[in-house]
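Undergrad: Let me begin by handing over the structure; questions about it come next.
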Amino acid sequence: MRVPEAALEAALDARRVVVVTGAGMSAESGVPTFRDAQTGLWERYAAEDLATPEAWDRDPAFVWAWYLSRFGAVAHVEPNAGHRAVARWAALADVRVVTQNVDDLHERAGSRDVVHLHGSLASFRCARCETAYAGTVDVPDTEVDRVDPPTCPRCGGRVRPGVVWFGELLPLDAWEQAVALVEAADLVLVVGTSGIVHPAAGLPAVARRAGAAVVEVNPLETDVSDVAHVVWRESAAMALPALVDSLAPALERRRGQA
Ligand code: OAD
């Protein structure tokens with residue numbers, strides 16, 4: 001695979017790298033994206049029935065069952081070569097990950113301190129008192145339409161998924177960390193996001209204004225493509241290992257000299 005020269009140069013020059021990822025990062029692990037034609041979750045389900053505070057208020061058991069099935073599905077897939085390449089790169093250079101994904105595939109590939117802008121499928125909290133829920137969560141063996149959510153041991157409220165829904169604010173600490181990271185970065189690699197959902201979609205522009213090189217890895221054109229200095233029309237699991245393979249000898253030499 002040919003790595004675009006400009007992407008390779010930007011990666012070799014960069015002292016600080018941030019990889020900003022979206023659903024396409026996990027697509028080759030078998031996790032469906034949201035907006036891809038045919039396979040995207042929002043092509044098959046109505047986001048307003050599942051991923052809004054109003055949906056939760058209307059039918060918590062329906063929303064809970066859907067998130068449980070996504071939680072269960074992610075537990076059965078593995079990080080792909082793209083996730084692993086990002087973790088390998090971070091062992092050789094200052095590379096951080098900011099993700100919109102609610103799966104834990106970056107962590108399972110070995111990335112540390114991943115900034116999760118949209119929360120996590122594996123974290124739960126009380127919808128009323130906000131206390132984190134550490135109790136067990138039973139994933140049904142078969143697809144079911146409704147499952148009653150557990151009850152908060154502290155206040156008796158309903159336990160909800162620890163993800164960000166449409167109309168909700170991002171966790172402030174994660175957002176502030178993400179902005180600080182991209183503002184300090186020399187290179188921001190934007191992988192597998194349609195760049196439609198704000199504020200996360202604004203990070204590449206923040207990075208560019210602050211002086212970073214912006215490289216997009218995505219098989220298709222997106223709302224971020226215009227902001228990128230380099231567009232690489234390739235999939236995450238193909239592009240990222242090729243990039244890191246090309247970089248590794250120089251980064252290893254540099255590390256040996258330090
Ligand atoms: P989308 O489904 O909107 O976009 C997925 C992107 O990944 C598209 O641009 C695809 O072209 C690209 N893609 C598909 N396969 C790929 C691959 N193998 N390698 C690289 N890219 C690939 O997903 P997001 O942009 O992540 O929010 O969506 C943003 C947010 O919208 C999500 O975090 C979620 C959703 O509603 C919340 O739930 C709050």
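The values are calculated or read from the model by the stated rules, or taken from the named source; none is laboratory data. The structure presented is a predicted model; accordingly, all values stated were derived computationally and were not measured. Quick reminder, even Gly has a Cβ in these numbers, built from the backbone with ideal geometry, and neighbours come from all protein chains shown. SASA here: full protein model, heavy atoms, side chains in, ligands and nucleic acids out. Shrake-Rupley method; radii C 1.70, N 1.55, O 1.52, S 1.80 Å.
Undergrad: Compute the angle between helix 236-257 and the longest alpha-carbon principal axis of the chain, please, reported from 0 to 90 degrees and rounded to the nearest 10.
TA: 50
Undergrad: Rounded to the nearest 0.05, what FRET efficiency do ARG154 and ALA46 have when you use their Cβ-Cβ distance and R0 = 25 Å?
TA: That pair, ARG154 with ALA46, gives E of 0.15.
Undergrad: For a quick size check, give me the Cα extents of segment 46-183 along its three principal axes, largest first, whole Å.
TA: 47, 33, 31
Undergrad: What nm value, rounded to one decimal, do you get for the distance between ALA180 and ALA75 when each label is placed 7 Å out toward the C-beta?
TA: 3.4
Undergrad: Could you provide, to the nearest whole Å², the per residue accessible area of the chain with probe 1.4 Å?
TA: Each residue of the chain exposes 49 Å² on average to a 1.4 Å probe.
Undergrad: If you don't mind, there's one more thing I want to ask. Given labels modelled 7 Å from the Cα in the Cβ direction, how far is it in nm from ALA258 to ALA91?
TA: Computed distance between label sites ALA258 and ALA91 equals 1.5 nm.
Undergrad: Could you state the number of Å between the C-alpha centres of segment 83-139 and segment 191-219?
TA: 20
Undergrad: Which whole-angstrom value gives the distance between the alpha carbon centres of segment 2-17 and segment 144-186?
TA: 33
Undergrad: Give me P(r) over segment 82-160, computed from all C-alpha to C-alpha distances, binned every 5 Å, as integer percentages.
TA: Answer for segment 82-160: a P(r) of 3, 14, 18, 15, 16, 13, 11, 7, 4, 0 percent.
Undergrad: Now for a separate question. Give the share of C-alpha pairs in each 5 angstrom bin for segment 148-258, from 0 to the last occupied bin, in whole percents, shortest bins first.
TA: That works out to 2, 10, 15, 15, 16, 14, 9, 7, 6, 4, 2, 0, in percent per bin.
Undergrad: Quick one: Debye curve from the C-alpha atoms of segment 199-258, no solvent, what's log10 I(q)/I(0) at q = 0.20, 0.23, 0.27, 0.29 Å⁻¹?
TA: Debye intensities relative to I(0), on a log10 scale: -0.85, -0.95, -1.04, -1.09.
Undergrad: Working with all protein chains in place, sort THR142, THR193 by solvent-accessible area computed with a 1.4 Å probe, largest first.
TA: Listed by decreasing accessible area, they come as THR142, THR193.
Undergrad: When averaged across all projection directions, what area in nm² does the alpha-carbon convex hull of the chain cover?
TA: On the way: hull surface 56.4 nm².
The number I arrive at for the chain is 14.1 nm².
Undergrad: Another question, if that's okay. What does the charge count near LEU41 come to, summing +1 for each Lys or Arg and -1 for each Asp or Glu among other residues with Cβ under 12 Å from its Cβ?
TA: Charge balance near LEU41 sits at 0.
Undergrad: For segment 53-127, calculate the relative contact order in percent as a whole number, restricting contacts to Cα pairs under 8 Å that are 6 or more residues apart.
TA: 28
Undergrad: What's the carbon and sulfur percent of the chain's accessible surface, probe 1.4 angstrom, rounded to a whole number?
TA: Its accessible area is 49 percent carbon and sulfur atoms.
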